[in-house]
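Heads up, the thing below is written out as structure tokens.
The values are calculated or read from the model by the stated rules, or taken from the named source; none is laboratory data. The model shown is predicted, which means the values in this text are computed figures rather than measured ones. Note that we place each Cβ from the backbone using ideal geometry, even for glycine, and neighbour counts take in every protein chain shown.
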Amino acid sequence: MASPSSFQSQIYRSLPEIERADAIVDRITKAIGLGLLKVGERLPPEAALSEMFGVGGATLREALGELRERGVVETRRGRSGGTFVVSQPRTQTDVIRDWFLSTSISEIRDIGDEHSAIAATTVRLACERAEAHDCERLQELARALVLADTPEVRAPADSRFHIEMAIAAQSPRLANAEIRLQEETVQQLWTPLTVAFDPEQATAEHLELVRAVAQDQPEKAQKLVLEHIRRNIFHLIDKKLTLGYAQSNQDGQ
Amino acid sequence: MKPTAEVVQAASALSSWLSGVCTEVNKLSSDVSTRLERNLAGRSSVDSAALEGLDECPRKFLTKNSYAAGAGTFFAVETLGEGVPALDWWARKEYGTIGRLDLDMTPGSSRYYDYEKLPFFSTAASTGEQSMWGPYVDFLGFEEYILTFAAPLGIQGRFSGVAACDIRIKDLEPLIMPTLRAISGDAALLNASNRVILGNSGSYLVGERIKSGQPNQHRMNLDVPHLGLSLIYMV
């Protein structure tokens, strides 16, 4: 039989190849990385987790064991016991570097294409739907980015702002899409592999975006968010060029 | 203004690499045509017997030219006999193996791959010259973001289809980026419709159409016959 083409294989794509325990570790790590789970927060009880992930108790315990070993969670016994998030997972620089080496510029552009589509509609809807309270919260989240003093906390602060913009737009589907896109790229943006990314400019852009949303200026908000994404993508491509083709500038041919 | 030495050098390196691809595709076309003519022994329409051993040509092409993701032949429908497959296409699959690509060739079907209407085929048919199409997403075909280099295929002097190869944009990048990066300012390789094939910075992204007449933007045509390629660079 001919092997299916790549769009077809989207339909039949294999379920994640990594073991299910690894998949759980990955999900929880990313959720903490994005700030969706906070340090100090208690995870649901084991039985509930097994049921939600659809895995057996042994698989779940294996996953939690791995997370404990990485120092990300801690399990306490007793009445007020349970599994708690105790630290931000360390950014895996090697993983991020590999991502840059194995991802082509055309693929990075394509991520930007999708992100632009999602974000443009998100901010337009946020203009229509956000309450004053949402705008205040977005403003706070925008400021949190410039207050964050390490790359490890800048990544979740940045992604949190964008995810909550989709929350203000009141679309769970757009919020899910935004979460997926943030998971895919936010660490790459902030991990200082080459030139550091400037949190002050990103914050200024976020704040300007909130103002446009608060003043119900959809055209302006859309323009701002598209420029913002374009700048992010430009930075990712710059990193890719520096990491992947560093030699070519000096060597010529 | 005269282009700088680094631009001239890059343009010549690109021209020579791309001409090399054209030469290979031309050779594929003549190999296929020789094989078909021998098998046909004077018969005019391509029947199953004529396809005997034809797959050797694209397989050899792919083994030799590691930059290509796929290669083969698309026949003009009017040259085909009853029940003969319209294409003989081979693609690089996982684990480095080369396998046949089967496409839906049933007119009216929702996955029908109407290749005679696609530019890589129709240009070769109408001009009788080599062509390059892309970057494009080859929906229902190879379904990747690719360039297709095509050369018309003749049987006893009559247009009978095209021989072609696909290069994935992702694979092209590491091959020609070093050449583009040797230019110190922003620069990009453009196709005949002024769209970017590859740029050396985030300023020129693959697929974008470049408006001419921008200040400080210069252009140099590449010496690759019929493809209409050029190099633009900022000074």
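For the reader, a short list of remarks on this structure follows.
- Set A:Arg97, A:Arg61, A:Arg90, A:Arg68: member being more than 14 Å from chain B (Cβ to nearest Cβ), under 30 Å from A:Tyr245 (Cβ atoms) and assigned to a helix (DSSP H, G or I): A:Arg97
- Strands (runs of 3 or more DSSP E) within the stretch B:100-199 that include 1 or more residues away from chain A (no Cβ under 12 Å): B:131-137, B:145-155, B:158-168, B:187-190
- If you filter the stretch B:64-94 down to residues that are at pLDDT 95 or above and surrounded by fewer than 16 Cβ atoms within 10 Å (Cβ to Cβ), you find that the one that is nearest to B:Ser160 (Cα to Cα) is B:Lys64.
- Residue count for the stretch B:118-137 satisfying the condition of being within 12 Å of the chain's Cα centre (by Cα) and either under 16 Å from B:Arg195 (Cβ atoms) or not assigned by TED's automatic domain parsing to the domain that holds B:Phe74 (or both): 9.
- Residue within the stretch B:201-214 that is away from every other protein chain (no Cβ under 14 Å) and more than 20 Å from A:Arg230 (Cβ to Cβ) present: yes
- Residue in the stretch A:166-183 that is in a helix (DSSP H, G or I), without any contact (Cβ under 8 Å) to a residue 60 or more places away in the chain, charged (D, E, K, R) and surrounded by fewer than 21 Cβ atoms within 10 Å (Cβ to Cβ) present: yes
- Unique match (being in contact (Cβ under 8 Å) with a residue 60 or more places away in the chain, of a type in the set (A, V, I, L, M, F, W, C) and over 23 Å from A:Asp113 (Cβ atoms)) among B:Leu189, B:Leu222, B:Leu172: B:Leu222
- Total residues in the stretch B:79-99 satisfying the condition of being touching a Gly at 6+ places or on another chain (Cβ under 6 Å) and away from every other protein chain (no Cβ under 12 Å): the figure is 1.
- Per this entry, B:Ser44 is not counted among residues that are under 16 Å from B:Ala163 (Cβ atoms) and either among the small types (Gly, Ala, Ser) or surrounded by 17 or more Cβ atoms within 10 Å (Cβ to Cβ) (or both).
- Residues of the stretch B:200-220 classified as touching a Lys or Arg at 6+ places or on another chain (Cβ under 8 Å) and in a strand (DSSP E or B), total: 1
- The listed residues are A:Val86, A:Val95, and the only one of them that is in contact with a strand residue (DSSP E or B) (Cβ under 6 Å, 6 or more places away or on another chain) and surrounded by fewer than 20 Cβ atoms within 10 Å (Cβ to Cβ) turns out to be A:Val86.
- Flag for A:Ala155 being away from chain B (no Cβ under 14 Å) and either within 27 Å of A:Asp26 (Cα to Cα) or surrounded by 20 or more Cβ atoms within 10 Å (Cβ to Cβ) (or both): yes
- Qualifying residue in the stretch A:200-214 (condition: assigned by TED's automatic domain parsing to the domain that holds A:Lys240, under 15 Å from the mean Cα position of the chain (by Cα) and either surrounded by fewer than 20 Cβ atoms within 10 Å (Cβ to Cβ) or over 23 Å from A:Gly33 (Cα atoms) (or both)): no
To keep it simple, each residue is scored yes or no on (1) more than 14 Å from chain B (Cβ to nearest Cβ); (2) modelled with pLDDT of 95 or more.
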residue: A:Ile163; (1), (2): yes, no
residue: A:Ala212; (1), (2): yes, yes
residue: A:Ile229; (1), (2): no, yes
residue: A:Asn232; (1), (2): no, yes
